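Here's the structure we're looking at; comments come further down.
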């Protein structure tokens, strides 16, 4: 999970999760650790809010993959300019659909949350399964004063 150096290409980390048990907690921990390392080792401005929001988005995406797909889940994090890109792959080819807001509905609000928090979101079918990509701001203040 060691990030690449800037000279060798984009900074990133990836992990394969078994899709069972504590994989959601493992994914959240990996995301927080990755962003903390980017701040400490590469002087990338990462706000505490960005770490927390990234953990929430990772949690929502991995929870859905664990719930709806059988088998492994791949989590990939990349630094892309002033954004962190979160990609989650799973074996279920069904793309998620945002539902209309309904305060009376219990559950199934994950995609609404993700879309409200992210600068970008896309879902694409892969030859096997699907890949969901969310892009989140690393700093609350573009000048980096909030880190």
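No value in this document is a laboratory result; all are computed from the given coordinates. No experiment lies behind these values; they were computed from the predicted model shown. Note that we place each Cβ from the backbone using ideal geometry, even for glycine, and neighbour counts take in every protein chain shown.
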Space enclosed by the convex hull of the alpha-carbon atoms of region 6-137, per residue, Å³: 111
Just to confirm the number: angle between the C-alpha axis of helix 23-42 and the first principal axis of the chain, 0 to 90 degrees, nearest 10? 20
Any idea how far apart residue 99 and residue 125 come out in nm if each label point goes 7 Å out from Cα toward Cβ? 2.3
State, as an integer percentage, the relative contact order of region 6-137 based on alpha-carbon contacts under 8 Å between residues 6 or more apart. 25
Between 0 and 90°, nearest 10: helix 48-68 axis offset from the chain longest Cα axis: 30
